[in-house]
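Bear in mind these aren't lab numbers, they're just calculated from the coordinates by the rules spelled out. Note that the structure is predicted; figures quoted are calculated from it, not measured. We place every Cβ from the backbone using ideal geometry, glycine too, and count neighbours over all the protein chains shown.
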Amino acid sequence: MNRLRNRLIFIFLVATLVPLAATLWITNALLERSLSYASTKELDQLSKTLERTGREFYQRAREDLRGAVKAGHATPIRYLPADRNHWPDPVKEFAESGEPDRFVRSGHEGDRLDYLVRHGQEVWQYSESLGGIGMERLAEQYRQARQLVQARQERDLRRGFRYTFVLLAACVWLLSLVALVYFAHRLSRPIQQLTAGLTRLAAGDLGTRVETGRDDEIGRAIQAFNHMAGRLEESTRRLVYLTQLASWQSLARKMAHEVKNSLTPIRLTVEEMLARQGENDRAFMEQAAQIVVDEVESLERRVRAFSQFAAEPPVHLAPLDVNALIEERIAFLKSAHPEVAYTLRLSQERPCAMADPDLVKGILTNLLENAAEAAGEGGQILGTSFTGGGKVVIEVHDSGPGLSEQVRASLFEPTISFKKRGMGLGLSIARKSALLSGGDIQLVKGELGGAGFRVLLPVTSNGTPARPDCG
């Protein structure tokens, strides 16, 4: 799946559709809210008309009642001074005010008009119904209408709507911008790291690696870069090693040629001396000649070792049963070192490598001989095999004293050795053979307290365990 493409599409949709949907929703809500308000202009006019109508109606009712009283068409209710304590509150207030007359609203919500007139110490009350029109209720409704009109006039709804919409749109846009910047940073940062890693690798830093926790296309690209850098670093180390070996090979060929040119006449001369000596000095001459011949043979062995080191044998890759080869080499060398105990820990899968059988035999022979010499009498040698990391692995461990730091530093470099039958070229030749087979030899921590060597060989093309044609 193209996860990066899908992610970019998703980010684009989120960054555009979500703000758009939010803007539409907010706009619709504000419009609905604004449309729900009634027009205050008509309410203002209606309230003022109602005020004038109510005032005129009340004034007319007062004039009608006053006229009826003057004409004697109205019958009053008389409140005598003797019953003053039982007078209604409006009547008491009128009596105490000193006014000659007063109109008072009474009844239910002011639907009746009372006309109070002073007659000496008495108060006469004339009443007339307002036809069910409550003046107090009308006054309250008028007051509420005026308050509503005043509140609406104090608000500039259009400006408020505009400011609110601009503010909300700006907030939504800023949030979208922050989200875009965040996701853009998450996408661009690993690409920048990969670019920086490529730059360092191109500058020669083969140990460059880029950390990643992603599993999309960018993460797989970074993993491929790390794998490529690792392979390049390994190939470079091998190339440097093979270049160094090539220099030593050239020197070894020259040395072998010069030594051989000197050894041949020496040997022929000594043999001729031995053939021409008399019987009296023959014993001495035989002893001296034998010493010279032994030394010459020792030099010849060194020359052959250098010649082998300098030679470039053809490589014939074939399926190789690693377990069988280890068992065969140990059985072959066990008789030469009966003082050493051998232990095998071989893979049950019987791994099959693709390598040159002769070269691998030479590698195992060298490692097992070195291990037997290091372990000594009563020592132990462990041989193992397994698969890992796409390679067939062979390990040889010994119980010897191990290797010093100085030896480790130049372990695979060609040197001159003064061990018995040692040329100082064995490990160099062994590693060269492993490299020619597509593998390598590494120094590992010994499991028996001594040295440990690991041989890496490529697996067969399909990486399957041993088959009838393996080995």
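For this structure, a couple of remarks:
- Counting other Cβ atoms within 10 Å as a rough exposure proxy, the listed residues 163, 58 run 163, 58 from fewest neighbours to most.
- Of the cross-linked pairs 361/432; 391/432; 334/391; 391/445, those separated by over 22 Å at the C-alpha level are 334/391.
- Residues 130, 177, sorted so that the one with the fewest Cβ neighbours within 10 Å comes first: 177, 130
- Per-pair calculated FRET efficiency, R0 = 51 Å: residue 235 and residue 297 via Cβ, rounded to 0.05: 0.80
- Total charge dipole magnitude, the range 318-458, about the Cα centre, Cβ charges on Lys, Arg, Asp, Glu only, Debye to nearest 20: 180 debye
- Estimated at 0.36 nm per residue, the fully extended path between residue 413 and residue 334 surpasses their Cα-Cα distance by 25.6 nm.
- The slack in the chain from residue 102 to residue 242, taken as 0.36 nm per residue of separation less the alpha-carbon distance, amounts to 37.4 nm.
- Take the Cα of residue 139, step 7 Å toward its Cβ, do the same at residue 15, and the gap between the two points is 6.7 nm.
- Computed FRET value (nearest 0.05) for residue 146 with residue 193, which takes r as the C-beta separation and R₀ as 60 Å: 0.25
- Between residue 324 and residue 406, the modelled label-to-label distance comes to 4.5 nm, taking each label 7 Å out from Cα in the direction of the beta carbon.
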